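**Q** This structure is in structure tokens; I'll ask about it shortly.
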Amino acid sequence: MLIHIYIKNMALIDEITLDFDECLNILTGETGAGKSILIDSINFALGERTSREMIRSGENNALVELLFYLRKNEAMNLLKDMGIHLEEDGYLLISRSINQSGRSICRINGQTITLGMLRQVSNMLIDVHGQHQHQSLLDVGKHIELLDEFCKDTFKDYKNRLAQYYKEYKSIEKQMENLLVDEKEKERKIDLLKFQIDEISEARLKKNEDELLQSQFKILSNLEKLNKGVDTVYALLYENTFKGSSACDNLGEALKILKDLSGIDSELLPVYESAENILIQLEDLSRDIRNYREQIEHDPEELQNVEKRLDLIYNLKRKYGNTIEEILEYKEKIGDELNFIINSDEKRKQLKKEYLDLEKQIIEICKKISDIRKEKAKVIENRIEKVLHELEMKDAKFLIHFSQKEHFNENGWDQVEFLISTNPGEGLKPLSKIASGGEMSRIMLALKSVLADIDEIDTLIFDEIDTGISGRAAQKVAEKLGFISRKHQVICITHLPQIAAMADQHYRIEKKVENQKTISSIQVLDYGEMITEIARLTSGALITDITLKNAEEMKRMANELKVNLG
């Protein structure tokens, strides 16, 4: 639901903010007051193409922000797939700006997105009907989705089974494609897989072996440095050949002195005991160093073996994986592939049987789904024609046309398109071929009134829906708008008092001159102002007590009708 609009520097609009009600929002105003600019601004924010000429004269850029409150619908899943964070309170802010260079920037909840992403999201949030072509019902691909919403309770089990069978069907098809190789290619593939398996097997790799070898290589390549260093450390600690005495010798002499002194002053006894412990540890350390020195053996052949093994592992990593674990996993994978190819003839026969059995079941389900769709389509056709006749399109004919695809998919084999004829003697045509903006709006109104319960798009905007109608037709349009607004948010620009009287929230768009600049503004009307505006729409500039009384009566009757609509 669209709850707030902010527009800055768009054509005649300097800066406006506008809050919408959740039911029927009516906008009225004199011709040229700026109603079309409001719709143009909304369409701009929704991703429609525009140019820098839309920027208000003397300004560098223009901005439009639309704040939506999302109920649970497909848009939430799409936003999640796009990686766009949706606030926990369900609010979604769409903004789009354009500068004098013609560059526009689109954002959702402050996150910059592409124009294509914006259009994808906005198509699920709002429909604009009339002279602007932002209409989901003109997308033929949506027609079967809308029809299926009517049928979902009837063929839910069929659709679930079809989706499951089709997934299995495509999986088998993929396996069969993998088996469809000629004998020469098959033998080549077998030889390659066998070579790879043998190469990995012969290496007899062990997990973490490369890490251990790297550590061993480091030691073996630094044996001379290790030998020299250990000899020096041992001499410093224990042998008296290094500068005349060792650390153990010096500490032993110090210990003798401390023992003698502690007999004189007992406070030195802990110092003596500590020194004694250090000497014991130092002798243990010297012994460990000696043992390590005796173990070191310089073996050039061992170093060469380690280098050779590391080279082998590196070569295998380069071919089959970044780690030994990945190489072993690859071996297991290609082993399965080899077995699959070797046994391909038998496997192909088995898959072919499963494939044909599934295809038979899918065809049966597609037929049942198609029968349900066609039966439900007749009901929808009658309902829509009835509404069109009520909207004074007495000769309108509506048809849901079916054709069969070359091949079924997870949705069956039906192709569906809505067709219409609005005048006697005219053939049925696609909705996109209807030329009149007023007719198109009424057709959309009829479709929306029939589809009201299932259509997930919350917000509908009708622009110029009253073109070419008056009297009874105008009243019926008003009633249908009132009916749809019980299920959806409706925003409607109108010139007709019958439609304006149905407003739950009424806005007047005005044009005025300030500081030698023309500015459009929008005002929310209270009840008394609504009556006055309805009277103006009825009689023009001259408003009398009679027109005010008639306007008040029109508003009262509209309110009673809305109560009956629920």
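The values are calculated or read from the model by the stated rules, or taken from the named source; none is laboratory data. Being a predicted model, the structure only gives us computed values, none of them experimental. Heads up, the Cβs are rebuilt from the backbone with ideal geometry, glycines too, and the neighbour counts pull from every protein chain shown.
**Q** Scan the range 354-399 for residues that are of a type in the set (A, V, I, L, M), within 19 Å of Leu146 (Cβ to Cβ) and in contact with a Lys or Arg (Cβ under 8 Å, 6 or more places away or on another chain) and jot them down.
**A** Within the range 354-399, Ile369, Val387, Leu388 meet the criteria.
**Q** Quick one: what pairs do we get from the range 548-566, first residue farther than 12 Å from Glu479 by Cα, second among the hydroxyl-bearing types (Ser, Thr, Tyr) and at pLDDT 85 or above, C-beta under 9 Å, 6+ apart or different chains?
**A** Leu548/Thr532; Asn550/Thr538; Ala551/Thr532; Ala551/Thr538; Met554/Thr538; Lys555/Tyr527
**Q** If I filter the range 187-208 for residues that are farther than 28 Å from Tyr314 by Cα and part of a helix (DSSP H, G or I), do I get at least one hit?
**A** yes
**Q** So how many residues does the range 467-482 have that are modelled with pLDDT under 80 and surrounded by 24 or more Cβ atoms within 10 Å (Cβ to Cβ)?
**A** Final tally of qualifying residues: 0.
**Q** Hey, can you tell me all the residues within the range 380-400 that are assigned to a helix (DSSP H, G or I) and in contact with a Phe, Trp or Tyr (Cβ under 8 Å, 6 or more places away or on another chain)?
**A** Within the range 380-400, Ile380, Glu381, Ile384, Glu385, Leu388 meet the criteria.
**Q** Anything in the range 318-332 that is surrounded by 16 or more Cβ atoms within 10 Å (Cβ to Cβ), under 34 Å from the mean Cα position of the chain (by Cα) and part of a helix (DSSP H, G or I)? List them, or say none.
**A** The one that is surrounded by 16 or more Cβ atoms within 10 Å (Cβ to Cβ), under 34 Å from the mean Cα position of the chain (by Cα) and part of a helix (DSSP H, G or I): Tyr330.
**Q** Which strands (runs of 3 or more DSSP E) sit wholly inside the range 75-154 and have at least 1 residues that are hydroxyl-bearing (Ser, Thr, Tyr)?
**A** Details: elements: 91-99, 104-108, 111-113, 126-129.
By residue number, 91-99, 104-108, 111-113.
**Q** A follow-up question, please. Within the range 483-502, identify whether any single residue is surrounded by fewer than 21 Cβ atoms within 10 Å (Cβ to Cβ), over 29 Å from the mean Cα position of the chain (by Cα) and not in a helix (DSSP H, G or I), and answer yes or no.
**A** Yes.
**Q** Also, quick follow-up: Of (1) surrounded by fewer than 17 Cβ atoms within 10 Å (Cβ to Cβ); (2) in contact (Cβ under 8 Å) with a residue 60 or more places away in the chain, Glu426 satisfies all except one. Which?
**A** (2)
**Q** For residues that are part of a helix (DSSP H, G or I) and among the aliphatic types (A, V, I, L, M), scanning just the range 503-538, find the one that is farthest from the chain's Cα centre (by Cα).
**A** Ala535
**Q** Of (1) surrounded by fewer than 16 Cβ atoms within 10 Å (Cβ to Cβ); (2) touching a helix residue (DSSP H, G or I) at 6+ places or on another chain (Cβ under 9 Å); (3) assigned to a helix (DSSP H, G or I), Gln304 satisfies all except one. Which?
**A** Looking at each condition in turn, Gln304 falls short on (2).
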